[in-house]
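Scroll down for the structure; my scribbles are underneath it.
The values are calculated or read from the model by the stated rules, or taken from the named source; none is laboratory data. These figures come from a predicted structure and were not determined experimentally. When we count neighbours, we look across all protein chains shown, and the Cβ atoms used for this are built from the backbone with ideal geometry, even at glycine. These area figures cover heavy atoms from the full protein model, side chains too; ligands, DNA and RNA do not enter into them. Shrake-Rupley method; radii C 1.70, N 1.55, O 1.52, S 1.80 Å.
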Amino acid sequence: MTDFTTARPFAHEDVAHWDMETDVAVVGFGASGASAAIEAAAAGARTTIFEMGSGSGGASALSGGEIYVGGGTDAQQAAGFEDSAEALEAYLMAAGGPAADAAKVSLYARESLNHFQWLKDQGVPYKGTFVPGKIIEPTTDDTLIWSGSEEAWPFSEQAKPAPRGHVIQHMGWGGGRRLVDTLEAKARELGVDVRCDARVLSLIADRSGTITGLVVKIDNKPLFVRVTKGVVLCTGGFCMNQDMLRRYAPQALRLSDPIGENDNGSGILMGMGAGGDAIHMDEFFTTCPWIMPPSLVYGIFVNERGQRFINEDSYHGRVSRTMIDQPGDRVFLLADNAIFERPIDLARIEIAAVGETWEEVESELGMPEGTLAHTVHTFNRYATEGQDPLFHKHPQWLKVLNEGPFVALELNFRDSYFSFFTLGGLSTLPTGEVLDSAGKAVPGLFAAGRATSGLPRWGHGYSSGMSLADCTFFGRQAGRQAATAGSAALVEAAE
């Protein structure tokens, strides 16, 4: 029996016969795969999607259906917010961290309004109304929310703040399913051939390294698929592959609630086996929904040493990701009686200590005398003056914590709900070509979404909606490029 492996492509010369042929093959049917297929088909290419599951979905369908767009959308203007492509670009560069992809950020910022219109043209509905406050995603069918650290230091000093989370019109959580369904309908309308329960076992490459096809397992039988223009990998990240997490992102092993659907890193491994470079593989997003209720944002976080470590008005994912950097396996959210409410049950946050004074809370937690209490007294001293010189928490979220009794809520990495997904992946051009370690494109191979290192590549700067923005926009670029670039050379190579 022939051994097929994601670790290296199957040899083109060893294919005895081809069972299928298509111009563009898209591997994975989430938001990135659907967007890639729509653009490839619209460009006139015969397009086939291969999905290992029994239908479309992926992590996209598990999401809130929120997309990070800006530059002056109709929803932003209706709510009275000014935004520009320049401000969006500045924020995305800051949120992308020290290795932000300037070329991708610039292209996305310039095209953000056009991309939002494209989503509408595919049938994605938006009500256009704004919801104020700090929320994770609206339970109503409204559109615009603050979905990142736009108003929080240091981002507020680097880009003019504006809300940019645009949520699909959907009542309740989980609008991602409707988003994927809408894109699927458009892909099928354009004649895309959808093959579900189809597991891609291997890429196929010729002696020059050009990708010429796929080996796909359908009905328990390996089939050889000839691809005349390009393969687009849209297979998601690797948050569900323990071996890859141990190898590339060991800090994520402290967390036990991955967000994904078959996110086993197969596409990344196939791309690496074909010569593609995988970058920023240690990066991941995580969050514990501690901002529900939002009154707790007035509280302060300390680590096991009683030290504060973040401005708590930052995006909940940035705060949560910074928790992972702290010593020990838990952190504490401190609140007084004026702001305390029980956190949402989903978060699995428990009360660790209570006291009539902060010294009593400190003692009950077993911390050395003068540690936690000193932290709170220092915070209160400056909060009285309306400032936070250590971490620059915005004055609107400053509150002196002096109304007893006092409480320490425990968030620990064993029991609390810390959802996560990976951000590292294949290195690609903005147009989707997979690059090798020398920066050269692997002929015939493209990728998008969480299989790549895209717009969101720094867990400390993530904002809600960045993944779906990246998946849909750069999925489109990859699909279009695969359909139109280098096709003649691939046909010749496949002869």
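Some observations on this one:
- Single residue of the range 30-49 satisfying the filter (out of contact with any helix residue (DSSP H, G or I) (no Cβ under 7 Å at 6 or more places or on another chain) and not small (Gly, Ala, Ser)) that is most open to solvent (accessible area, probe 1.4 Å): Arg46
- Pairs, first under 21 Å from Asn380 (Cα atoms) in the range 342-357, second surrounded by fewer than 18 Cβ atoms within 10 Å (Cβ to Cβ) and acidic (Asp, Glu), C-beta under 9 Å, six or more apart: Ala353/Glu360; Ala353/Glu364; Ala353/Glu410; Val354/Glu360; Val354/Glu364; Gly355/Glu364
- Candidates Glu312, Glu261, filtered to the one that is at pLDDT below 95, in a loop (DSSP other than H, G, I, E, B) and acidic (Asp, Glu): Glu261
- Count of the range 121-158 residues which are modelled with pLDDT under 95, closer than 15 Å to Gly174 by Cβ and either touching a Phe, Trp or Tyr at 6+ places or on another chain (Cβ under 7 Å) or surrounded by fewer than 16 Cβ atoms within 10 Å (Cβ to Cβ) (or both): 2
- Every pair of residues 6+ apart whose Cβ atoms lie under 8 Å, when the first sits in the range 163-177 and is under 19 Å from Glu151 (Cα atoms) and among the basic types (Lys, Arg) while the second is in a loop (DSSP other than H, G, I, E, B) and open to solvent by less than 50 Å² (accessible area, probe 1.4 Å): Arg164/Val69; Arg164/Gly70; Arg164/Asp83; Arg164/Ser147; Arg164/Gly148; Arg164/Glu150; Arg164/Ser463; Arg164/Gly465
- Condition check for Leu245: farther than 23 Å from Ala198 by Cα, open to solvent by less than 30 Å² (accessible area, probe 1.4 Å) and in contact with a helix residue (DSSP H, G or I) (Cβ under 8 Å, 6 or more places away or on another chain): yes
- Taking the criterion of being closer than 16 Å to Leu333 by Cα and either without any contact (Cβ under 8 Å) to a residue 60 or more places away in the chain or in a loop (DSSP other than H, G, I, E, B) (or both), the residues of the range 358-372 that qualify are Trp358, Glu359, Glu360, Val361, Glu362, Ser363, Glu364, Leu365, Gly366, Met367, Thr371.
- Scanning the range 156-201 for residues that are among the polar types (S, T, N, Q) and out of contact with any Gly (no Cβ under 7 Å at 6 or more places or on another chain) gives Ser156, Gln158, Gln169.
- Here Pro250 does not qualify as more than 22 Å from the chain's Cα centre (by Cα) and either under 30 Å from Thr431 (Cα atoms) or without any contact (Cβ under 8 Å) to a residue 60 or more places away in the chain (or both).
- The residue list Ala347, Ala338, Ala373 contains one member that is open to solvent by 10 Å² or more (accessible area, probe 1.4 Å) and of a type outside the set (Lys, Arg), which is Ala338.
- The criterion of at least 2 residues that are hydroxyl-bearing (Ser, Thr, Tyr) is met by the following strands (runs of 3 or more DSSP E) wholly inside the range 2-79: 47-50.
- Neighbours by Cβ (under 6 Å, 6+ apart or cross-chain): first from the range 58-78, farther than 14 Å from Lys127 by Cβ and touching a residue at least 60 places away in the same chain (Cβ under 8 Å); second of a type in the set (Val, Ile, Thr) and open to solvent by less than 10 Å² (accessible area, probe 1.4 Å): Ser60/Val180; Ala61/Val180
- Strands (runs of 3 or more DSSP E) wholly inside the range 406-480 containing at least 3 residues that are under 18 Å from Thr322 (Cβ atoms), among the charged types (D, E, K, R) and under 20 Å from the mean Cα position of the chain (by Cα): none
- Within the range 73-106, the residues that satisfy the criterion of being among the aliphatic types (A, V, I, L, M), surrounded by fewer than 16 Cβ atoms within 10 Å (Cβ to Cβ) and within 23 Å of the chain's Cα centre (by Cα) are Ala99, Ala102, Ala103.
- Every residue from the range 443-453 that is crowded, with 24+ Cβ neighbours inside 10 Å and out of contact with any Phe, Trp or Tyr (no Cβ under 6 Å at 6 or more places or on another chain): Gly444, Leu445, Phe446, Ala447, Gly449, Arg450, Ala451, Thr452, Ser453
- Ala102 without any contact (Cβ under 8 Å) to a residue 12 or more places away in the chain and out of contact with any Ser or Thr (no Cβ under 6 Å at 6 or more places or on another chain): yes
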